[in-house]
Structures are given as C-alpha cells and as structure tokens.
C-alpha cells in the first residue's frame, strides 16, 4: 500500500513516514500543500495523510482541489481540534480526522480501515478459500496455520486480496508497493510472487500473461 | 426611595398631575362660585338700595322711635302684615310697550302709579299704606307696606317660601315693613351698622342669601333671597369639575405609565441584548434604529464595546488555537518517536536518533512555553523587570559572542558596524533577549554568504540599536503583521528553519516595557533592518552634555549613521 504524507513539520513527517514504512507501507512525503496536491493528483495513492496548517496551500484547499479529480481516501492529521474544524474537514471530503498528538497505532488502524473501505471490504480479515489475511496484525494463515511472510510479500498479498477477482497489473503493483525512494528492480515483483506461491501454494496467484496477476476468493 | 425609575417617574408625574389638576379645578370652582355670588349680591344690593331710598322717602314719624304722630293712637301691636301676594307676573299686562332692561319682564311690579320708570337709581315715589286702625299692642307702630319691584330680584318661584323677601326694622327694633307672607323675626343685633357702613351680606340657614343695610334713622333694611337652587347648581358644577379632573388625572396617569414603559423598554432591551452576549456568542448587537436619541449614544457605545470585545475574543481564540497547535506539534513528535521506538527492539543508534528527536522537540516546547509565559506576564502587567542602568555595548558584545557560532554554521557573517557605549535604564536579561531574538531571526532568514550587521549609537535622548541582514526580507503584504503573535511570513521556510512565531511579538512586548520603540524596513530579497530606540534618561543625557560642554567642541556631533547596508546596496 502506498500512502502520501503531507506534513509541514519536518520532524513529525520523518517519524510518521518511518513508522508507516515499518508497517509495510510505501510512503511518499510532501512538506507543503502545493507539493502535496501535485503528488496526490499524479499518483494513485491508497491513502493520503494530510495536515491542515500547510504553507502555500492549506489542507482544506488541497482537499477541495483533490476531490475534484480523485476519490483517494484522505485522513486529516491536525492540531486543530475544534469541532468546527473537524466538521469543515469532513465536509470538504476528508474520510477521517485525527488530532495531534495521536497514537501511531490509531493512525495505522484508521489508515487500514480507510484502505479497506476504499476497496469495498468492511472487515479486517479477508478470507480467500483456505487463506485468511488479517489486516490488523498483518498476518496470513493457511488452514489456520500461520504463514511467515516478509513485509513486502504481505503487502503484495493484501493488495491482490483487496482487489480479488480483478487483474492487478505489474505497474499497479509497483505503484502501490514501492515509494519513490525504492530502487525498483524490474524483476522484483516476480521474485515476490514466486516466494508467495512457495509459501501459500502454487495456485494462490494466477498469472494473466501480458496483463498481470489475480487471486480468486 | 423606590429603586425603579419607572415607579419614581410615575410617582412624580402623579404628584404633579394631582397638584395641577386639583389646583386648576379648585381655582375654577372658586371663581365660578364667586361670580355667581357677586351677581346674586348685586341684585340683593340693588334691592336694598331701592328699599333704602323708599324708606328715606317715608315721613320721619314712621321711622322714628319717638312719639307717634297725632291720630296714630297708641303704639300699634305687631300684627301680621297685610297679605297681598304679588300677582303672577305673566298675568300682569305690560305697563307700557317699552322693552324691559331686565329680561323683558314688565317692571314696577308694585309701583302701578309709576309706570315706565326707566330705572331704580333714584328714590321711588313714596307709597304709604296705612294698615287700618292700630289693633296691635300699645307702643308699637303699624307696619308700612312697601313692595319691591319683581324685576329687582329673580322672578318669583312657585312656592312662596322661594320668593325673595325683605324686612325693614325701625331703630326701636319694631318692624317697619316686610315682604308679604313672611314671618319676620326680631331685628338681629349683630347687624347694627352705622349709617355709613356699606351693604353687608350673609348666608342664612336654608340656603338663603341676605343683604342688609343700615337705613335712615337707624332703620335696618334686609333683603333676602333663597339661593338653594344656585347653590345646588354650584355643587353640581363642583362635582363635574372635580369628576372630570379625576378622569383627566386617571387618563394622565395611564398615559404616563405607558410612556414610562416606552421609555424604559429600550433600556430593558439593551440590557437583554447585553446579557445575551457572552464569550461564546459575541455577534449580538443592540438594534439601534428606533431607539430614542437619549439612549442612542449608550447603545452605540455598547455596540462599539461589543465589537472591540468580539475582536479581542477572536484574537484571543486565534492565539489559543495557534498556541495549542504549536504545543501539540512537538508533543506529537515526541509521542510518535517514543511509540515507534518502543514498538520493537531497536539498535542503540536508532534509540539515540529517537532521543535526539525528542530532545529537539522538548527544547522547542520549552522555548514556546517560555515565550507564552513572557507574553502572558506582560499582558497581566507582571513582567517583573529589574531596571538598572545597563550599558548596551556590553549587551551587544555578549550577543555577538553567543550567536557567532550559529552564524558561522549558517555561513553568515555577523559583524558590528558601530558600537557606542550607551547606557540605558533596563533589564539586562530582557535586553539580551530582545537583541538575541533579532539576531537569531536575522541569521535564520539570511542565506549562506550573507551578512548580519549590528550597530549601536546614541541619538539625542535615545539609544538606537539596529540589526540589519541581507536575507530574504519580509513580503510587503506580510509587513503589517510581523509583530503579531504566531505570525510567520513564510511558513514553509520558517518550519524548516525553526522558530515558533513568537520572537518578534516578544521583542515588541519587551521593547514596549522599556518605553522604547521597535520598527523595521524590509525589502524582499534584499534584506531587513530592525531598529530599536530606547530612551536615555535625561540625567545621563545632561551629564553627556556637560561633558561635551567641558570638552568644548572637541566632540563633533556625528553624522547620524554611517551608510547602511541597504543604502549601499540600493
């Protein structure tokens, strides 16, 4: 999953990005509204974490401009806790609202819920036959047996599971799993796919030649 | 005292109304009554005068109390007078065709022998009527028949008791003549006047008015008339007058109550509006159209106050919101860093990194809290400045030493252009803080390779401290707000450069506390120059002048300032 964090406070941006990366997200960073809006428009992010008090363009304006083009889930992360601010934020098209200071675990949970809802899934556990994917603990079980996956492998499984019965292209996988800082080798996706097949069974992921990959629920 | 304006108004109003209306009604009644009585009295007096003239024309023996004339016999007994009621006037044909001056009635009711008398000013012809042979007790004289012309008094009424009547007593208290059909009492003593006395009037029981006059030879003439009808008319008039007065009073009081309510209602509305205005809702205003002029001023003053209050509250709430934002951000940094570090075992380097981030955030919070406290104390007037003579030169030198490392780190040259030894009266800590804020700001906003120059010189009556940089300058549209709390010209730059937006606000507050002024000139992309003027005490000033005088003209007044950076560059 690839998220964009727009935050003008460098220290805070840094720690949020680090925490999200540890959670397996690909994270892009923006330090002002202009940059944030540009990035949010040019990529299919799974979610955007948006501060409101931003230089150049404030968070509400970024949100309004983004909403004219995209439905990317947006979580507002701000120190402004007045009810009017929350209402304004949610009315401008934000999907969730979190007030600083916040618990990282709450930020993670809200992001997971946003991404899940955007994919049309209501529950935290996605079941694909014998395979169950728990997005809360980021763990996968096969016939109730835990399957050890690396963060990238898990992210790939989750991405495919959220888009089950849909063909996910290699480009999409790159877009959602790697941020701009990753050196994405051309065959990295194939390596991850073969590792997952080794752990969850050959038939778990179907290859559509020339198109991409698909899992069936 | 009643505490309600309205009640007081009403009470005063009522008192004034009662006095005015009561006084008016009383005067009116008194005047009308007096007028009616005067008219009655005038008629009675005319009758009295007439009778006097008649009596005067009688032969003296009829009047005197002396021996009776011959043939008169013994003093006649008092006997009932010959009753001859005057014939009803309507049946009496007019004596002549002349119109009557007195209401068209035929005149000379009893003076048949004198028809057409024009008036009664002169004494009438004598008319004597001896009532036959005396049959009364001896020593009493018989009465004389005299008639009053009916036109002299009011028209006789139906009942004989209502007729006007008269009595003439002789000096010896016997009755000389009296109106027919009337019992005559003894001559009243109290009415014994001298002949020169004017006509007297009196009320008698039964609603009668009597006029009396001392006639010739000690006789007493009395004419009476029942005036109960007039009196009852006057009573009715009194009732009407005072009744309508009471009605007017009632209407007036009611009107007063309504008016006083309309006067006090705007006050009640003003107080209602004012009480509805609270910290949470300051948008309410008193509706001024329709308010009376006297209250308009009050309403406008209150409205202006509400506007100022609203602005102050708005500023306050924005300040609170900004302060909470500034405090929450480093808190979030600390919280997130610690939470992330604790989520799994880390290497010593990672922990060090986390702790460093936490330290930076907490230093930032400490600086912010310190700044907020300074401002709060200044707002509360409790800065606790420790004033003493301070040489600004040493403050400048210390600041240079303190900030040189950070200037070098930022590649900025920190220099001193001119540094006079100038003593001001101030607080050393706060003066250092003012200068420190300005220098750190200048370094922060100046790109590497730039220059920050400090100068200190003495003007007439003030010390001028200037900090000038070749930095990015302040955008023109932001210049009016630079001294506002939490204002940052370029937010993006200032975030990465640090600073909490309070520095210049604190500078201004502290300079104000030193009775100084702070100003700046800034050209975007060229640089900014901040100038602070501190007053120099007159004492110090005069010492300086004395020194200057003692040294003669050796100390030339300097050019105010060497060419500045900006001037050089512009």
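Nothing in this text is a laboratory measurement; each read-out follows from the coordinates by a stated rule. All of these numbers come straight from a predicted model, not from anything done at the bench. Neighbour counts run over all protein chains shown; Cβ positions are idealised from the backbone, glycine included.
What is the pair-distance distribution P(r) of the stretch B:11-66, computed from all Cα-Cα distances in 5 Å bins starting at 0, with each bin given as a whole percent?
4, 16, 10, 11, 9, 9, 7, 7, 6, 5, 5, 4, 3, 2, 1
Where a ≥ b ≥ c are the square roots of the eigenvalues of the C-alpha gyration tensor, would you call the stretch B:334-462 rounded, which needs a/c under 1.5, or, failing that, prolate if a/b is larger than b/c, or oblate? Write down the numbers at each step before the final one.
Details: a/c = 3.57, a/b = 1.70, b/c = 2.11.
Oblate, because a/c is 1.5 or more while a/b does not exceed b/c.
Can you bin the stretch B:418-487 into rounded, prolate or oblate? Criterion: square roots of the alpha carbon gyration tensor eigenvalues sorted a ≥ b ≥ c, rounded for a/c under 1.5, prolate for a/b above b/c, oblate for the rest.
Details: a/c = 1.92, a/b = 1.50, b/c = 1.29.
Prolate, since a/c reaches 1.5 and a/b exceeds b/c.
On C-alpha positions alone, give me the angle between the axis of helix A:104-118 and the longest principal axis of chain A, in degrees, nearest 10.
70 degrees
Once label points are set 7 Å from the Cα along Cα→Cβ at both residue B:479 and residue B:285, what is their separation, rounded to one decimal in nm?
My value for the distance between the label points is 3.2 nm.
Calculate I(q)/I(0) for chain A by the Debye formula, one identical point scatterer on each C-alpha and no solvent, and give its log10 at q = 0.14 Å⁻¹ to two decimals.
For chain A at q = 0.14 Å⁻¹, log10 I(q)/I(0) is -0.84.
Mean shadow of the stretch A:55-179, computed from the convex hull of its alpha carbons, in nm²?
Details: hull surface 38.1 nm².
Here the figure is 9.5 nm², rounded to one decimal.
Round to the nearest 10 and give me the degree value, 0 to 90, for the angle of helix A:151-162's Cα axis relative to the longest principal axis of chain A.
Helix A:151-162 and the main axis of chain A meet at about 90 degrees.
Given N residues in the stretch A:33-76, what is Rg(Cα) / (2.2 N^0.38 Å)?
0.98
Taking the 0 to 90 degree range and rounding to the nearest ten, how far is the long axis of helix A:10-22 tilted relative to the main principal axis of chain A, both from C-alpha atoms?
Once rounded, the angle reads 20 degrees.
Using just the C-alpha positions of the stretch A:1-130 as equal point scatterers, what log10 of I(q)/I(0) does the Debye formula give at each q in 0.10, 0.12, 0.13 1/Å?
Debye output, listed in q order: -0.28, -0.41, -0.48.
Where the Cα atoms of the stretch B:322-367 are projected onto their three principal axes, how long is each span, largest first, in whole Å?
36, 17, 8
Regarding the stretch B:289-401, what is the average projected area of its C-alpha convex hull, in nm²?
In nm², the orientation-averaged hull projection of the stretch B:289-401 is 14.8.
Kindly give Rg over Rh for the stretch B:353-410, based on alpha-carbon atoms, with the Kirkwood expression for the hydrodynamic radius.
Result: Rg/Rh = 1.11.
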